[in-house]
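The values are calculated or read from the model by the stated rules, or taken from the named source; none is laboratory data. This is a predicted model, so every value here is computed, not measured. Because the Cβ atoms are built from the backbone with ideal geometry, glycine has one as well, and the counts that use them run over all protein chains shown. Protein only, heavy atoms only, side chains kept; ligands, DNA and RNA dropped before computing areas. Shrake-Rupley method; radii C 1.70, N 1.55, O 1.52, S 1.80 Å.
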Amino acid sequence: SISGLIRTALMNMDREAKEYYEVIIQAKDMGGQLGGLAGTTTVNITLSDVNDNPPRFPQKHYQMSVLESAPVSSTVGRVVAKDLDEGINAEMKYSLVDGDGLDVFDINTDPNYQVGIITVRKPLSFESKKSYTLKVEGANPHLEMRFLNLGPFRDTTTVHISVEDVDEPPVFEPSFYFVEVPEDVEIGTTIQIISAKDPDVTNNSIRYSIDRSSDPGRFFYVDITSGALMTARPLDREDVSWHNITVLAVELNNPSQVGSVSVTVKVLDVNDNAPEFARFYEAFVCENARAGQLIQTVSAIDRDDPQEGQHFYYSLAPEAANNPNFTLRDNQDNTAWILTRRSGFSQHEQNTFYLPILISDNGRPALSSTGTLTVHVCSCGDDGMVMSCNAEAYVLPVSLSRGALIAILACIFVLLVLVLLILSMRRQRKQPYIIDEEENIHENIVRDGDEGGGEEDTEAFDIAAMWNPREAQLAVKSRQDMLPEIESLSRYVPQACVTDNNVHNYVLAKLYEADMDLWAPPFDSLQTYMFEGNGSVAESLSSLQSVTTDSDQSYDYLTDWGPRFKKLAEMYGATDSSGALW
């Protein structure tokens, strides 16, 4: 009452029973005597938690089940221990302390919800074990020493787990196969027995096959019922030395259940390839070479790969064993030297030698092949440098080389082609311009309502185009429906060949131009007019049908038109009995 210090009035207060308290405090002045004044305040008191409550499982037995096909780390179930405390005092740690499934299952603690999660630790099998029993413990990791007498701060429960059966795919035993087979094995030989079984209680029948994506070459075949793996094609280690195939096993009653196993086949080497030269060898020997001079070192290769390593033996072929020009020395290191046996080689006598060399390997059985070394005789300098290996250079004055003959023949061929081309072009220019008979060719008619007066009529046609072609180009308007041949050609007429006021000279000039220009085609001027026939003002001017009519039209008036129409008068005019023209 003097200091205002608030103290507890009871011992062993329980937060879990009542956590909040409200206290009203009154203060008086004048020492609390009568007539003094007083004031009050409210004090809220909250009890903080201590770890004085041990955890307890609400159930002493839990029953759970899991499929035998459940993958590792999958959840089986959850257990939880209740703790009346809160915060860090309510934290839990779960563990498996006993049971027959300690190596098959595991338990983890969820830090957010303080529950124990039981998971699968190893693959399950209904056929091996159908149920498991686990003893789970839940404990407080944070303890207070003054409250240990209220413990123990841990509790246990029992969990029964049943494994449920599922239809599982066939299982191979073993889970991997490694097979070695020689490459000369016969087709149809069994190289391995593949075995699989149904792990279920029903034990269904199994059918085997090969995944063709793993064996695209179809080198192997597996018996559908026995699982015998056999060769279906010849094997060649030099082409494919390893085969990785996948064999499938399918339940007969449930084809959706498929098991697989990998089979690795190593093809063992067999000596079935003869050694041969590593490359094409071509040697050169100088005309002044000495006997015993090294001219070439040869080596060989073999596609086989024997376990003891490769070793080659070299010798001259039987037909060249007594070769008087060259000899061979085996170096015993898979190489051989080719040496000259004599001196005094000559290109004139023989410029090329072919030396057959026999190469053998150390396989069982040993295989051999014959390679040919080509040796050219060359002229060399004093320092041994090759100068020329072409024998034709010495006989050039007598006969031509092959290259020169080819060049001459090529030139002759080109000349023949040019001559034929020129003849063909000339033949095309000499062909006459032939008019298609099927074309509808109309006569060249100038549409005019009145007859002209011959050369005295200067209104119907501008004769200036005939007098001066260069000036006519500006005066005459070009037609749009025809090619102006005369206009285009007249611009190239030489001035020396054109004389004014003389049509005859103009025609001669055109003739001269055509003769001098070898590439100028014989252009003709064709003008087509639409206004002709019975519907036109001039009516029909064609003489095609005149022979079928009975009209006796008189052309005597042509004799009155002057000497310029004398030719027409002779063709159409009437004649008397004496032959005189009327």
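Numbers below:
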item: Unique residue being under 51 Å from the mean Cα position of the chain (by Cα), modelled with pLDDT under 90 and not in a loop (DSSP other than H, G, I, E, B) when the list is 407, 336; result: 407
item: Per-region count, the stretch 352-387, residues hydroxyl-bearing (Ser, Thr, Tyr), surrounded by 13 or more Cβ atoms within 10 Å (Cβ to Cβ) and more than 45 Å from the chain's Cα centre (by Cα); result: 1
item: Counted residues, the stretch 373-404 - those being modelled with pLDDT under 85, closer than 24 Å to residue 285 by Cβ and of a type in the set (A, V, I, L, M, F, W, C); result: 8
item: Every residue from the stretch 311-337 that is among the small types (Gly, Ala, Ser), open to solvent by 30 Å² or more (accessible area, probe 1.4 Å) and in contact with a Leu (Cβ under 9 Å, 6 or more places away or on another chain); result: 315
item: Residue 156 vs. criteria at pLDDT below 95 and either among the β-branched types (Val, Ile, Thr) or in the same structural domain as residue 204 (by the TED database) (or both); result: yes
item: Residue match in the stretch 135-142 (condition: open to solvent by less than 40 Å² (accessible area, probe 1.4 Å), assigned by the TED database to the domain that holds residue 67 and touching a Ser or Thr at 6+ places or on another chain (Cβ under 7 Å)); result: yes
item: Close pairs (7 angstrom Cβ cut-off, 6 or more residues apart or separate chains): surrounded by 11 or more Cβ atoms within 10 Å (Cβ to Cβ) in the stretch 5-29, of a type in the set (Gly, Ala, Ser) anywhere; result: 27/38; 27/39; 28/36; 28/38; 29/36
item: When residues of the stretch 108-133 are limited to those that are closer than 29 Å to residue 171 by Cα and free of Cβ contacts under 8 Å to residues at least 40 places away in the same chain, the one farthest from the chain's Cα centre (by Cα); result: 133
item: Filter result for residue 102 (in the same structural domain as residue 151 (by the TED database) and open to solvent by 50 Å² or more (accessible area, probe 1.4 Å)); result: yes
item: Verdict on residue 176 being in contact (Cβ under 8 Å) with a residue 12 or more places away in the chain, surrounded by 17 or more Cβ atoms within 10 Å (Cβ to Cβ), within 22 Å of residue 71 (Cα to Cα) and not small (Gly, Ala, Ser); result: no
item: Subset of the stretch 256-279 [open to solvent by 70 Å² or more (accessible area, probe 1.4 Å), part of a loop (DSSP other than H, G, I, E, B) and touching a residue at least 60 places away in the same chain (Cβ under 8 Å)]; result: 272
item: The stretch 142-187, residues that are closer than 30 Å to residue 51 by Cα and among the charged types (D, E, K, R); result: 144, 146, 154, 155
item: Pairs, first free of Cβ contacts under 8 Å to residues at least 40 places away in the same chain in the stretch 192-211, second part of a loop (DSSP other than H, G, I, E, B) and open to solvent by less than 20 Å² (accessible area, probe 1.4 Å), C-beta under 9 Å, six or more apart; result: 193/227; 195/227; 197/170
item: Some residue of the stretch 76-90 being of a type outside the set (D, E, K, R) and either free of Cβ contacts under 8 Å to residues at least 12 places away in the same chain or closer than 30 Å to residue 199 by Cβ (or both); result: yes
item: Complete set of residues in the stretch 84-116 that are at positive phi and part of a strand (DSSP E or B); result: 99
item: Qualifying residue in the stretch 52-71 (condition: of a type in the set (A, V, I, L, M), open to solvent by 100 Å² or more (accessible area, probe 1.4 Å) and not in a helix (DSSP H, G or I)); result: no
item: Qualifying residue in the stretch 287-302 (condition: open to solvent by less than 70 Å² (accessible area, probe 1.4 Å), of a type in the set (D, E, K, R), assigned by the TED database to the domain that holds residue 190 and touching a strand residue (DSSP E or B) at 6+ places or on another chain (Cβ under 6 Å)); result: no
item: Residues of the stretch 214-255 classified as exposed (fewer than 12 other Cβ atoms within 10 Å of the Cβ) and without any contact (Cβ under 8 Å) to a residue 12 or more places away in the chain, total; result: 3
